[in-house]
Amino acid sequence: MTAATYALKVVKPLTMTTAMLVSSDVPENDYAAWSSGTTYAAGARVILTSTHKIYESLQGSNLNKDPVTQLTYWVEVSPTNRWKVFDTSNSTQTTQADNISYRITPGVVISSFSALNLNGVETIRVRMIDPTYGTVYDKTTSLLSHPDLSGWWEWFFSTREIAELSVATDLPSYPEADLLIDMTGGGTMSVGVFLFGQVRSIGLGVNLGANVGIQDYSRKETNEFGDTVLVRRAFSKRASFGMLLEKKDVDSTVSYLAGIRATPCLWIGHGDYESTIIFGIYKDFQVSISYPTHSDCTLELEGLT
C-alpha cells in the first residue's frame, strides 16, 4: 500500500426521500395498501406507500387503526421491496428477476455511487443525465464470476466467485443531473444497499499493516447427547487502519469524524483490496500528534450485517 496514492475515502450517504425517486421498475405491491375501512385479522400484512413500509396486524378486529400511530395494533416489519435498497441495512434486500432499474434525482452534487450485498447481478450500468448537458457519465461494470485464485488451472477448473459489490467514486459534479442505475442478471437478483453521496479523502494514505477480517455471529451449540450443532448466521466486516495526517488537516479531520459518529458510511481503505471496503461505523479513532508537521491517526471500523 502506497500512502501517496491511496488516501482513505469516506462516503457519507445522502438520505433518500420520496421526492428523489423519479421511477423504478421494482413494483411497490408487496401487500395490499392499508385501508381505514377494512377489518384486519391478527397477522395480516399491509403496506403504506406514504412511508414505504410493511406493517403486520397485532390484533384481530383491527379496524381504522393507523399503522403509523396505533402501535398496539400494528408493528413495522420492514421497508417495501422497492425501498429496501435505501434503508442502509445490508440484511434487507430488494429482489427481482432479470432486471432492476432506478432513476433518482439527488438534487445536489454527488461523486460516488455504490451497490452493496449483491446476489445474482451480472452487470450494473450507472449513468448521470443532466437536463442541460445530456449524458455526462455512463459506465457499465461486469460482475460475472471470476476464479478465486490466479493461474491457468484455476481459470478453467477452480470454483468461481461473484462480485458482491460495485463502487464508483468518479462521478462528475452536476447538481441537476439524474442518477440512473440499471442492473441485469439471471433468475432472481438481490441488492442490499444503494449508497450515493460525496467522497471525502482522509490522510495521506492507509499505512502498511492494516488489518481486515470479520466478526461471525454464527452459534455453536452442544446438546445433552454431546452432538454439536452449528447455526450459521450473519457476519460483519472489521478493519483497523493507520494513516498520517498533515498538521493543517488534524482539526478538520477530528471534527469530521466526530460529526459522522453512529452514522453508517462507506469506507474505502485501498483501491486494490475489496476487503478494505466496509459499509458501517467507526468504533474508535485516535489522533496522536507525533511530529511537528504530521500526526498519526488510527481508526477502528465495524461493518453492518
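What is the packing order of peptides 104-116, 259-271, taking the mean over residues of other C-beta atoms within 10 Å and listing the highest first?
Values: 104-116: 19.4, 259-271: 16.6.
Per-residue mean Cβ counts within 10 Å order the peptides as 104-116, 259-271.
Using the Karplus relation 6.51 cos²θ - 1.76 cosθ + 1.60 with θ = phi - 60°, the per-residue 3J(HN,Hα) values for the stretch 10-26 come to 10, 10, 8, x, 5, 7, 6, 10, 4, 5, 6, 7, 7, 6, 7, 8, 8 Hz, with x marking Gly and Pro. Exceeding 24 Å between C-alpha atoms, which entries from my cross-link table qualify? They are 9/237; 53/139; 53/220. Table pairs above 24 Å Cα-Cα are 53/139; 53/220. Ranked by the mean number of other Cβ atoms within 10 Å per residue, highest first, peptides 180-192, 31-43 order as 180-192, 31-43.
Peptides 235-244, 209-218 ranked from most to least packed give 235-244, 209-218, packing being the mean of other C-beta atoms within 10 angstrom over each peptide's residues. Each 10 Å bin from zero holds the following percent of Cα-Cα pairs in the chain: 6, 21, 28, 25, 15, 5, 1, 0.
Surface composition of the chain: carbon plus sulfur atoms hold 51% of the accessible area, using a 1.4 angstrom probe and ignoring ligands, DNA and RNA. Expressed as an acute angle from 0 to 90° and rounded to the nearest 10, what is the orientation of the C-alpha long axis of helix 250-259 relative to the principal long axis of the chain? For 250-259 against the chain, the angle is about 10 degrees. Rolling a 1.4 angstrom probe over the protein heavy atoms with all chains in place gives the chain an accessible area of 53 Å² per residue. For the chain, a crude dipole built from +1 on the beta carbon of Lys and Arg and -1 on the beta carbon of Asp and Glu, taken about the Cα centre, is about 440 debye to the nearest 20.
The values are calculated or read from the model by the stated rules, or taken from the named source; none is laboratory data. Predicted, not measured: the structure shown is a model, and the values here were computed from it. So basically every Cβ, Gly included, is an ideal-geometry build from the backbone, and we count neighbours across all protein chains shown. With ligands, DNA and RNA removed, areas are computed over all heavy atoms of the protein, side chains included. Shrake-Rupley method; radii C 1.70, N 1.55, O 1.52, S 1.80 Å.
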